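Presented below is the structure to which this report refers.
The values are calculated or read from the model by the stated rules, or taken from the named source; none is laboratory data. What you see is a predicted model; the values in this text were computed from it and never measured. As a convention, Cβ positions derive from the backbone with ideal geometry for all residues, glycine included, and neighbour counts pool all protein chains shown.
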Ligand code: ADP
Ligand code: MG
């Protein structure tokens with residue numbers, strides 16, 4: 001049985017009009033590939049402010065108290081995908097496409113029990129396969145599952161991407177399609193960089209780095225799962241389905257190399273806002289203790305810079321309160337600069353090309369953008385800048401490395 005998993009993000013199911021486009025895509029596949037079985041994974045409808053978006057559902061509880069019980073929070077969050085999935089299924093049925101809807105629970109998605117950030121342990125595909133055998137398009141709620149004890153869980157932000165790839169893996173698919181509101185993976189976020197262009201092909205490692213560094217078009221967990229299962233991902237635009245989009249696979253590395261020689265040596269620039277720079281005056285021992293506490297609290301930090309007198313690092317703003325509690329307890333001198341952003345240049349060959357860092361620093365300085373901190377790895381260079389400088393920085397780097 002040939003099965004294709006298609007995932008439609010919140011932006012693709014935000015309204016009846018958008019869902020109508022989704023129905024057209026599904027219908028076209030069913031008509032063109034008569035034997036193809038379709039599994040359709042959906043996110044909640046729309047973004048912040050929409051009546052059934054995840055943030056709106058959370059606010060139903062957070063209006064009452066700051067920290068609602070996580071178990072109930074997961075239950076209310078899971079309703080978003082149940083609503084969009086049932087609406088879409090109904091629309092398919094109205095169009096005479098045989099379809100059925102399954103919650104993550106019904107689809108057999110078994111997860112760990114850490115609410116709001118559960119990991120998929122296993123997928124019992126029996127029910128999905130039964131529905132496919134009955135010739136149904138199987139619409140499944142993304143972002144959710146159940147524990148072995150039958151508790152409803154959610155998978156954390158970007159979880160629907162992960163659901164889709166995990167279901168693809170469980171069904172032995174060689175390809176999963178991710179539909180969104182842009183034409184594919186681009187050289188920068190098109191909302192920030194008008195010259196950004198679509199990459200026809202990119203390998204897992206680079207796109208993973210992009211996602212990790214803030215390019216939210218695909219979630220990093222989904223990328224690493226796809227790589228481990230050798231699943232090719234196609235990123236496509238719901239409103240422009242004829243366009244091929246971006247392919248993410250191992251072979252893309254080779255093609256990319258040819259492409260690289262002809263064009264830019266770098267691949268993309270990503271940005272992540274809402275981060276803060278923390279500076280601490282502490283001895284090595286004190287700093288090690290603080291790091292231990294940070295780890296215990298599950299706060300992730302990066303861009304760690306080490307000087308004898310001072311240590312600096314970067315933390316996402318949502319963790320600042322937790323972090324400050326640790327720092328206050330340690331009784332050391334510290335400062336926190338909020339409203340920062342990380343802008344990252346990504347390229348598989350960064351390491352092997354001399355002078356990239358200095359070109360980058362010069363490009364920012366030419367635009368009078370204060371550079372607060374840097375860090376690099378074998379395929380990334382990240383720059384910490386003020387949030388107000390995001391667009392200017394992305395643009396300067398995009399231009400300097402001829403990504404357009
Ligand atoms: P969905 O609802 O489909 O999951 P997301 O909002 O999560 O959609 O992701 C799509 C968005 O990702 C785009 O609208 C775009 O603004 C943003 N984005 C950020 N970086 C990139 C990039 N490098 N390429 C494409 N899109 C990007
Ligand atoms: Mg998304």
Which number in (1) touching a strand residue (DSSP E or B) at 6+ places or on another chain (Cβ under 6 Å); (2) touching a residue at least 60 places away in the same chain (Cβ under 8 Å) marks the one condition that residue 353 misses? (1)
Name every residue in segment 133-185 that is within 16 Å of ligand 1 (Cβ to nearest atom) and part of a loop (DSSP other than H, G, I, E, B), in order of residue number. 142, 143, 155, 156, 157, 158, 181, 182, 183, 184, 185
Tell me whether segment 251-270 contains one or more residues that are surrounded by fewer than 18 Cβ atoms within 10 Å (Cβ to Cβ) and modelled with pLDDT of 90 or more. no
Qualifying positions in segment 186-213 - surrounded by fewer than 21 Cβ atoms within 10 Å (Cβ to Cβ), touching a helix residue (DSSP H, G or I) at 6+ places or on another chain (Cβ under 7 Å) and in a strand (DSSP E or B): 201
I want to confirm something. Restricting to segment 30-51 and keeping residues that are more than 16 Å from ligand 2 (Cβ to nearest atom) and under 26 Å from the mean Cα position of the chain (by Cα), which single residue is nearest to residue 97 (Cα to Cα)? 38
Consider segment 122-158. How many of its residues are at pLDDT 95 or above and either within 13 Å of ligand 2 (Cβ to nearest atom) or surrounded by fewer than 24 Cβ atoms within 10 Å (Cβ to Cβ) (or both)? 24
